[in-house]
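Readers should treat all values here as calculations from the given coordinates under stated rules, not as data from a laboratory. In this text the structure is predicted, and so the values were computed from the model without any measurement. Here the Cβ positions follow ideal geometry from the backbone for every residue, glycine too, while neighbour counts run over all protein chains shown.
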Amino acid sequence: MNKQAYFQKTGRRKTAIAQVRLLAKGSGAIIVNGTPYEERFPRVAHREIIKKPLLLTDTLGKYNVTVKVEGGGVTGQAGAIAHGIARALVEVDASLKPALRQNKMLTRDSRVKERKKPGLKRARKAPQYTKR
């Protein structure tokens, strides 16, 4: 286990990018863009996504997490934060990697919105067919 003041990693999901700092000494506070994550993410599902890597590794109260996140929507930002936390935890302690890898926390979710195609209304939706 490394003895640094903090560990910084980047997490990504859709178009959201989260720069995560894991502070070695802490009470378990998670600060997102200067506000507590409970205020920034009012939905419980998004909070669970953010806490998942910390719960999987039993490190929920050990580190303070500060995050700078931009781009995307609320769900994408929550996923990006979780990805960044998971990467930072592996940098702190490499023995946590198998548990995080098994729960797909270290794999970047590459699914992004498909572009609109010419002649169609959206990426795949075609205009309604009219017989006459």
- [ ] Within region 101-112, work out how many residues are in contact (Cβ under 8 Å) with a residue 12 or more places away in the chain and loosely packed, with under 11 Cβ neighbours inside 10 Å.
- [x] 1
Open item on the list: With in a strand (DSSP E or B) and either crowded, with 19+ Cβ neighbours inside 10 Å or charged (D, E, K, R) (or both) as the only criterion, which of Val90, Val69 stands out?
Closed with: Val69
- [ ] Filter region 1-38 down to residues that are basic (Lys, Arg), in a strand (DSSP E or B) and out of contact with any strand residue (DSSP E or B) (no Cβ under 6 Å at 6 or more places or on another chain), then give me how many there are.
- [x] 2
Open item on the list: So if I check each of Pro98, Pro118, which one is under 24 Å from Lys3 (Cβ atoms), loosely packed, with under 14 Cβ neighbours inside 10 Å and either of a type outside the set (Phe, Trp, Tyr) or in contact with a Leu (Cβ under 7 Å, 6 or more places away or on another chain) (or both)?
Closed with: Pro98
- [ ] Please work out which residue is nearest to Thr107 (Cα to Cα), limiting yourself to region 24-48 and to residues that are in contact (Cβ under 8 Å) with a residue 12 or more places away in the chain and crowded, with 19+ Cβ neighbours inside 10 Å.
- [x] His46
